[in-house]
Structures are given as structure tokens and as C-alpha cells.
Amino acid sequence: MHKQVRVVVVGCGDIGSRVAVLLQQQGWLVHGLRRTTAHLPAQILPIAADMQQPQCPADWPQQPIDYVVYAMAAQRMDAQGYQQAYVQGQRHLYSWLAQHQQQPKRVVFVSSTGVYGQNDDSWIDEQSPTEPARWAGQIMLEAEQCAAQSGHPATAVRLSGIYGPGRHMLIDRVRAGYHAPHLHSFTNRIHADDAAALIAKVLLVDAPGQAVEPIYIGVDNEPVEQAEVVAWLQQRLGVSSVAECILKPRSGSKRCSNARARALGWTPRYPSFREGYAAQLAE
């Protein structure tokens, strides 16, 4: 009989919980860490912890850990909040692993395409230079390096703009009359289900000993100008623009490739914003 694979999902929120369920469905033993564990999915073993605290949580598993997914979300959207969530929290994690002499086969760090600072509509892949202009991208890059230097094999999964159930800010704004007549900068996105499936895929490929890369970009198949997304949503929602409600441009304009992720055997269920938003609007 095969030994059950044991994984700890640190930051079992929206994406983390989706990953936890996918792995649990594959027969893995899944521990989910979050500050309050009441809303963890069924069958997920709870670890109540605040990653800002250096003390190892009382219900940290004593058994060997095969994998760790670090999927924290910052509690505050400023530099200090990012440092605490992505860098300091990781350092606490590696301290706890060392205390228990646990040597996971791989740590997967959930990162962001914000580590790329390109603003020239160019195509980006995992080999493209990471020179983020904004503090958020700079801290995420520091956090990736923290994982890479942890002493454990590590993979960073760089997700672009996540959308899906519970994430409807753009839909709400378009419904309220916001429009984007001049936003020709390219945007990249990924549905929450596809993001979770990619993270799970990295582990499911690694577990039997197949090779995985140190970095994957998680995006759908079609980078698209923001103006096109907004116009499509306006048509689907049957709303018109309000003259003074103009969406502000997002920083950067780049086209991210998912070729490496697809080569791993992952295929997005929502290949573009059209399928993803259509499913969301049908809920």
C-alpha cells in the first residue's frame, strides 16, 4: 500500500483552499493553515496560525511533510504588509520545518507576474528579465528568492490577475458605467480554478519524480487589451458608459506566455476572459 502524500497549504484562503481540495481529491493528506480554521473545506486538517508570529503553531504536523504550498495573501496592501506576508512569514515556515527536521520534496511559492516590469507590449516568459518598477513586484521577487534559498527545492508560480467567484470588481465597475475607451495596454488574467489547477499540477507531476521547473507563469491563453475586456462586458451586461466614469490604466503592458505551464500537462479550463466571465455572469 502506498504511503499517503502529506502536504501543508500555508494560507488556505481562496486559492489555497481550491488547491487543498484538488489534492485531497487525489488522495493526499492535506493540512490547511489559516488564522481562523472554521471555514476550511471538509476533510482538510486544520492548523490555526498567524504567519506573522514566529512561534510554531501547536497543531503543526509532527510527521514528515512531503510538500508545502505557500499561498498567503497580504492582510495590508502596503510594503510592510507584503513583507510580513510573503517574506517574514516564509522565514517562520522554514524555521518550523527545521525545528521538526522536516524536509519537503518541494515548496511551491504562489507569486505574481508583477515581478515583470515590462511596459512595451512584449511577450514575457519565465526567462524574461525581472525588473519590477513597483514595490509590490520587488517584494514578491524578494519572497521568491527567499523560497529559492530556503534549502528546499522550490518552484514559484507567477499568477496574473486572478478572477472568478467572489472576485467581481471589474464586473461591478462596468455595471456602474465605467468604461475604458483609451486603455490599449495589454492585461493578463487567470481564473481562480485554473490557478489552483496549475499549482496542484506542479505537485502531482513532481510526486512521482518527474521534472518540474523552478518557475511557471500562470495565465490564460490570451493576453488582451483592457478596452476589449470592458467593451465585451458592457455588451454582455447590456450597460452603457457614463462619461465621467473612466477606468484608470493599470501599470505595465505585457503579454505573458503560458507555454511552459501547458508543457507540464496543464490546460486552462477558461482559455480566455470570455469563457471565464461568461461562467461568472451565469452564476
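Quick note: the coordinates plus some simple rules give every number you see, no bench work behind them. Bear in mind the structure is a predicted one, so any value in this text is a computation, not a measurement. Using ideal geometry, Cβ is built from the backbone for each residue, glycine included, and neighbour counts are taken over all protein chains shown.
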**Request:** Towards the positive end of the charge dipole of the chain, with charges on Cβ (+1 Lys, Arg; -1 Asp, Glu), say which of L93, I171, Q25 has the farthest Cα.
**Result:** Q25
**Request:** Give me the distance in nm between label points sitting 7 Å out from Cα along the Cα-to-Cβ direction at E142 and A42, one decimal.
**Result:** 4.3
**Fill in**
The aspartates and glutamates whose Cα lies under 12 Å from the Cα of K248, excluding any fewer than 8 residues away in the same chain, are none
**Item:** Long-range HN-HN contacts of R158 with modeled amide H, under 5 Å
**Value:** S111, Y216, I217, G218
**Prompt:** If you line up the long axis of helix 192-206 against the longest principal axis of the chain, both from Cα atoms, how many degrees apart are they, to the nearest 10?
**Reply:** 40
**Prompt:** Roughly what would the spin-label model give for R173 and D59, points 7 Å off Cα along C-beta, in nm?
**Reply:** 3.8
**Request:** Sort all Cα-Cα distances of segment 44-157 into consecutive 5 angstrom bins from zero, then give the percent of pairs in each bin up to the one containing the longest distance.
**Result:** 2, 11, 20, 22, 19, 12, 7, 4, 2, 0
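Between E213 and S240, what is the FRET efficiency for a Förster distance of 51 Å, r being their Cβ-Cβ separation, to the nearest 0.05? Could the numbers behind the result be given before it?
Values: r = 46 Å, r/R0 = 0.89.
It comes to 0.65.
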**Label-point separation, K248 to E225 (7 Å along Cα→Cβ), nm** = 2.3
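Counting Lys +1, Arg +1, Asp -1, Glu -1, what net charge surrounds S17 among other residues with beta carbon under 12 Å of its beta carbon?
That sum, taken over residues with Cβ under 12 Å, equals 0.
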**Message:** Using the Cα centre of segment 130-174 as the reference point, and only Cβ charges (+1 on K/R, -1 on D/E), how large is the resulting charge dipole? Debye, rounded to the nearest 20.
**Reply:** 180
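Give me the number: length gained by fully extending D78 to E131, i.e. 0.36 nm times residue separation minus the C-alpha to C-alpha distance, one decimal in nm.
Details: separation 53, 0.36 × 53 = 19.08 nm, distance 1.91 nm.
Result: 17.2 nm gained on full extension.
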**Dipole magnitude of the chain about its Cα centre (Cβ charges: Lys, Arg +1; Asp, Glu -1), debye to nearest 20** = 400
**Prompt:** Which aspartates and glutamates have a Cα less than 12 Å from the Cα of K3, not counting those fewer than 8 places away in the same chain?
**Reply:** D66
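Within the P(r) computed for the chain, what percentage of the Cα pairs occupies the region above 30 Å? Numbers along the way, then the final one.
Numbers: 12351 of 39903 pairs.
Counting every Cα pair in the chain, those more than 30 Å apart make up 31 percent.
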**Request:** Using only Cα atoms, tell me the angle between helix 135-148 and the longest principal axis of the chain; keep it within 0 to 90° and round to the nearest 10.
**Result:** 30
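Considering only DSSP beta bridges with both partners in the chain, what is the antiparallel share in %, to the nearest 5? Mind dumping the intermediate values first?
Details: 3 of 36 bridges.
Expressed as a percentage, antiparallel bridges in the chain total about 10.
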**Prompt:** Among the aspartates and glutamates, which have Cα under 14 Å from the Cα of K201 when same-chain residues fewer than 8 positions away are ignored?
**Reply:** D193, E213
**Message:** Using the Cα centre of the chain as origin and beta-carbon charges of +1 (Lys, Arg) and -1 (Asp, Glu), tell me which of V115, V157, A58 is placed farthest towards the positive end of the dipole.
**Reply:** A58
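Quick check for me: using +1 on Lys/Arg Cβ and -1 on Asp/Glu Cβ, what's the dipole size of segment 1-83 about its Cα centre, in debye to the nearest 20?
Details: 6 positive and 5 negative charges, 25 e Å.
Charge dipole, segment 1-83, about its Cα centre: 120 debye, nearest 20.
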**Request:** Towards the positive end of the charge dipole of the chain, with charges on Cβ (+1 Lys, Arg; -1 Asp, Glu), say which of P46, P214, S185 has the farthest Cα.
**Result:** P46
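Ordered by packing density, taken as the mean number of other Cβ atoms within 10 Å over each peptide's residues, highest first, how do 120-133, 16-29 rank? Display every interim value, and only then the final one.
Numbers: 120-133: 14.1, 16-29: 19.8.
Top of the packing list down: 16-29, 120-133.
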**Prompt:** On a 0 to 90 degree scale, rounded to 10, what angle separates helix 89-99 from the longest Cα axis of the chain?
**Reply:** 20
